[in-house]
Amino acid sequence: MRSSAAAGAGSGADFPDALPSPTSSAAAPSHPSLSPGRHYYLAVDRNQFKMRTLLELLGVVSDRRGGLPIAICVSSRDELDAVCAAIANLPFVSMSPLYSDQAEAERASILEKFRQETILWNQTTKATAIAESSTTESMGTKLTIIVATDACLPLAAMAEAPLLARVLMNYELPAKKEAYLRRMSTCLAADGIVINMVVGGEVATLKALEENSGLLIAEMPIHVR
């Protein structure tokens, strides 16, 4: 399932507008509130290349959509720490982690800041009316990123609103449909994009998620070198 898209990282592909929707009739989701055709996978040959691929992908997104609100989901605290350590010093990223032993006030502040950045990005995008063309430029601001484990996603029971990120990156693919759908419902805007990073051993898990959720997870049409 290694990506074979002809478009290179420096192509005119845009985020998130220019990613085409899959056309298969199988894309109709079983969950009525989820949008079909906005789910993609990015295949990595080996697990040791996964982090480098993530960093390169963030660089591509930053070039095309500076300031884009992104949620990155992982399955464990160890992976959260690893992702945060890798992207914390990127000059084009403003990153905040959500972790289990975080102070309540700090957590509330991070969630509110991210939502405000999302509102600002949406308003700025509409105001500037960015054209869909090969010359689309970055908005000139840092990517706004939240990194979270499944245990630390926003909780409706605690009156925490969804993040409404424009892009949800599943750095670690959840094994169960319920976890995949919860990440979407708590993190993603209605018209956002999900990017699933997978290695060879996760192909079966990806296919099972497709079949169980009724979603079509298509090959991402951007080749990250």
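If the condition is being surrounded by fewer than 14 Cβ atoms within 10 Å (Cβ to Cβ) and under 27 Å from ARG115 (Cβ atoms), then segment 177-225 contributes GLU178, ALA190, ASP191. Within segment 127-135, the presence of a residue that is acidic (Asp, Glu) and at pLDDT 95 or above is excluded.
The values are calculated or read from the model by the stated rules, or taken from the named source; none is laboratory data. Quick caveat, the model's predicted, so the values are computed rather than measured. Every residue, glycine as well, gets a Cβ built from its backbone with ideal geometry; the counts of neighbours run over all protein chains shown.
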